[in-house]
Amino acid sequence: MKLPFDLPLNQSFEAGPEGPAVDAGWTEPPSRKGFFTDTSICIGCKACEVACKEWNGVPQDGIYELLGSSYDNTGALGASTWRHVAFIEQRKPLGGEQTRVAEPEAGGPPVDLGMPSFSRPGESGQGERSDFRWLMSSDVCKHCTDAACLDVCPTGSLFRTEFGTVVVQDDICNGCGYCVPACPYGVIERREGEPGVKNVGIAQKCTLCYDRLGAGKTPACAQACPTESIQFGDVDELRERARQRIRKLHDAGVTDARLYGADPDDGVGGAGAFFLLLDEPEVYGLPPDPVVTTRDLPAMWKRAAVAAVGLAATAVAAFVGGRR
Ligand code: SF4
Ligand code: SF4
Ligand code: SF4
């Protein structure tokens, strides 16, 4: 059955092969930009969190508090934490990975970061051997290929940039909050706080430093990371770099290493910000199989439209029948 009007399917429900920027109407956009975050070389310094706050003027959120469950002090991504470094304590042996050692870009030997060396508990032969490791991981908005936050925003505050990223404009957001439950990762949030705090009530998240990208600069968090755990660049090139890194770690015996968000065929059409993890996504607080939450909206609208046409036809028939 052909519907009597066009359905509003002009958003990102499913990205085409040209990429999200072209789908959003940009003509001849630059190559898609994003992040590859290699958590195996994160040292948990939180320079990325701080750099994000400084560059973007994001207010304080629990800087002087510990959560009680971890040495982390910010807990999760949110309206005032656009980058979040998770600290996860595990009773698990290091699997042979060279953690805290940066991966050189040109394929040369690993770079010693000058961190103090030590024996792990029990290695000296004195006392009982205990297995323990930290997982540290810097999380951020995924800049999804199929971004549900973007699909549901009624004001155009959320938009797709020419770099293929998703940005929220705080001067256009009306604070309706539709985007908050739409995000399958729990990234975007309305800011809470006392009157006078910047942008209270407004939805906030990482902009992938849109202002810096426009000026040809690297995003602040990647610029500040001392280990190059956060790598910024063209998404296609980063995906290849991530695959090579996974191969190296697997060859070194780190068989738990895996990529998260790099598959363009996943439930959000692939993320613009993807990760190398050393354990299951759930361990890092990430959903194992995220799906764009607006996936079923076109079918639902079609059904609603068919029902509306049926109702209208019934009403007309009843009216005409009543006059005979
Ligand atoms: S992670 Fe959430 S906030 Fe970020 S682009 Fe995807 S749906 Fe939007
Ligand atoms: S890209 Fe910019 S806005 Fe996004 S987390 Fe990094 S510093 Fe913050
Ligand atoms: S700046 Fe780099 S090494 Fe430091 S916490 Fe962030 S991602 Fe990890």
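The values are calculated or read from the model by the stated rules, or taken from the named source; none is laboratory data. The model shown is predicted, which means the values in this text are computed figures rather than measured ones. Backbone-built Cβ (ideal geometry, glycine too); neighbour counts: all protein chains shown. With ligands, DNA and RNA removed, areas are computed over all heavy atoms of the protein, side chains included. Shrake-Rupley method; radii C 1.70, N 1.55, O 1.52, S 1.80 Å.
Test Asp146 against the criterion of being assigned to a loop (DSSP other than H, G, I, E, B) and at pLDDT 95 or above, and give yes or no. The answer is yes for Asp146. Pairs linking a residue in the stretch 219-242 that is under 15 Å from Tyr260 (Cα atoms) to a residue that is within 16 Å of ligand 1 (Cβ to nearest atom) and assigned to a helix (DSSP H, G or I), with Cβ atoms under 9 Å and 6 or more positions apart or on different chains, are Ile230/Cys221. Looking across the stretch 274-322 at every residue that is in a helix (DSSP H, G or I), within 17 Å of the chain's Cα centre (by Cα) and without any contact (Cβ under 8 Å) to a residue 24 or more places away in the chain, the one that is farthest from Phe232 (Cα to Cα) is identified as Glu282. Tallying residues that are touching a residue at least 12 places away in the same chain (Cβ under 8 Å) and open to solvent by 50 Å² or more (accessible area, probe 1.4 Å) within the stretch 187-211 yields 6. So Glu49 fits all but one of (1) within 16 Å of ligand 3 (Cβ to nearest atom); (2) modelled with pLDDT of 80 or more; (3) open to solvent by 20 Å² or more (accessible area, probe 1.4 Å); what number is the exception? With (1) within 16 Å of ligand 3 (Cβ to nearest atom); (2) modelled with pLDDT of 80 or more; (3) open to solvent by 20 Å² or more (accessible area, probe 1.4 Å) applied to Glu49, the lone miss is (3).
Taking first residues from the stretch 134-160 that are closer than 18 Å to Gly175 by Cα and partners that are open to solvent by 10 Å² or more (accessible area, probe 1.4 Å) and basic (Lys, Arg), the Cβ contacts under 8 Å between residues at least 6 apart in sequence or on separate chains come to Leu150/Arg160. Checking each residue in the stretch 219-249 for being closer than 18 Å to Val50 by Cβ, open to solvent by 20 Å² or more (accessible area, probe 1.4 Å) and either more than 15 Å from ligand 2 (Cβ to nearest atom) or over 17 Å from the mean Cα position of the chain (by Cα) (or both) picks out Gln223, Ala224, Cys225, Pro226, Glu228.
For the stretch 158-199, a residue qualifies if it is of a type in the set (Gly, Ala, Ser) and within 16 Å of ligand 2 (Cβ to nearest atom), and the qualifying residues are Gly164, Gly186. The condition of being within 16 Å of ligand 2 (Cβ to nearest atom) and under 27 Å from the mean Cα position of the chain (by Cα) holds for only one of Ala262, Ala271, that being Ala271.
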